[in-house]
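S.K.: Mind looking over this structure? Questions follow.
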Amino acid sequence: MNRFAPTLFFSTALLLGAGTTQAASPTEATLYKNPQCGCCDEYARQLEERGVSVTIVDDVELGKVKERVGLPYGLGACHTIEMGEYVIEGHVPFVAMEKLFEERPDTDGIGLAGMPIGTPGMPGPKQEDWNVYQFRDGESKSFMTL
């Protein structure tokens with residue numbers, strides 16, 4: 001057996017794994033928000049720091065966007081993002097977004113209702129658990145708690 005075969009196999013596996021990770025996260029997003037919402041602008045800025053090009057749309061009726069994407073009633077937040085094949089509702093912590101794009105569950109998207117203190121884009125220290133949900137066709141279930 002060739003003594004370089006294990007090294008070649010391991011190197012190929014690393015390269016394939018790196019390509020998969022790179023392809024997992026989209027590099028573009030569209031964020032729908034109210035024109036006066038500064039916390040939404042901060043969330044977009046933090047996404048851009050992570051290498052995502054964000055298009056901000058602030059001249060649209062948010063209720064219609066949320067209805068179009070199938071967001072469950074009562075679980076909305078101040079902004080809605082379309083990113084890859086998913087919807088991200090509100091100030092979802094980036095670790096939840098990373099999990100979404102790594103696992104790629106059969107869902108329309110994930111969200112975090114309201115505007116919890118300490119989440120990306122929101123000032124202040126974390127004060128409570130964040131219950132991130134996933135949704136499909138207007139129905140929600142738990143995705144993760146942080």
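The values are calculated or read from the model by the stated rules, or taken from the named source; none is laboratory data. All of these numbers come straight from a predicted model, not from anything done at the bench. Positions of Cβ are backbone-derived with ideal geometry, glycine not excepted, and every protein chain shown enters the neighbour counts.
S.K.: Just name the residue that is surrounded by the fewest Cβ atoms within 10 Å (Cβ to Cβ) out of those in the stretch 123-133 that are under 14 Å from P93 (Cβ atoms) and touching a helix residue (DSSP H, G or I) at 6+ places or on another chain (Cβ under 9 Å).
M.R.: Of everything passing the filter in the stretch 123-133, W130 is surrounded by the fewest Cβ atoms within 10 Å (Cβ to Cβ).
S.K.: Still on this model: If we keep just the residues of the stretch 102-113 that are surrounded by 15 or more Cβ atoms within 10 Å (Cβ to Cβ) and within 21 Å of Q46 (Cβ to Cβ), which is farthest from the chain's Cα centre (by Cα)? Talk me through it step by step, then tell me what you get.
M.R.: So in the stretch 102-113, the residues surrounded by 15 or more Cβ atoms within 10 Å (Cβ to Cβ) come out as 107-113.
If we keep only those that are within 21 Å of Q46 (Cβ to Cβ) as well, we get 109-113.
Working: G109: 8, I110: 7, G111: 8, L112: 10, A113: 13 Å.
Going through the qualifying residues, I end up with A113.
S.K.: Taking into account only those residues within the stretch 51-86 that are touching a residue at least 40 places away in the same chain (Cβ under 8 Å) and assigned to a loop (DSSP other than H, G, I, E, B), which is nearest to P120 (Cα to Cα)? Steps first, please.
M.R.: Taking the stretch 51-86 as the starting set, the residues that turn out to be touching a residue at least 40 places away in the same chain (Cβ under 8 Å) are 69-73, 75, 78-84.
With assigned to a loop (DSSP other than H, G, I, E, B) added as a condition, the list becomes 69-73, 75, 78, 84.
Numbers: V69: 22, G70: 23, L71: 20, P72: 22, Y73: 23, L75: 18, C78: 13, G84: 20 Å.
Here the answer is C78.
S.K.: In the stretch 31-42, is there at least one residue being without any contact (Cβ under 8 Å) to a residue 60 or more places away in the chain, under 21 Å from L100 (Cβ atoms) and of a type in the set (G, A, S)?
M.R.: Checked the stretch 31-42: no residue is without any contact (Cβ under 8 Å) to a residue 60 or more places away in the chain, under 21 Å from L100 (Cβ atoms) and of a type in the set (G, A, S).
S.K.: A further question on this structure: Show the residue pairs meeting these rules: Cβ distance below 9 Å; 6+ apart or different chains; first residue within the stretch 92-120 and over 16 Å from N131 (Cα atoms) and among the aliphatic types (A, V, I, L, M); second residue modelled with pLDDT under 95 and not in a helix (DSSP H, G or I).
M.R.: none
S.K.: Is it true that P116 is assigned to a loop (DSSP other than H, G, I, E, B) and either under 18 Å from T145 (Cα atoms) or among the basic types (K, R) (or both)?
M.R.: For P116, the condition - assigned to a loop (DSSP other than H, G, I, E, B) and either under 18 Å from T145 (Cα atoms) or among the basic types (K, R) (or both) - is met.
S.K.: Could you please find all residues in the stretch 79-96 being of a type outside the set (S, T, Y) and buried (at least 19 other Cβ atoms within 10 Å of the Cβ)? Before you say what the answer is, go through the steps one by one.
M.R.: Of the stretch 79-96, the ones of a type outside the set (S, T, Y) are 79, 81-85, 87-96.
Once the filter is applied, which keeps residues that are of a type outside the set (S, T, Y) and buried (at least 19 other Cβ atoms within 10 Å of the Cβ), the stretch 79-96 yields H79, I81, E82, M83, V87, I88, E89, G90, H91, V92, A96.
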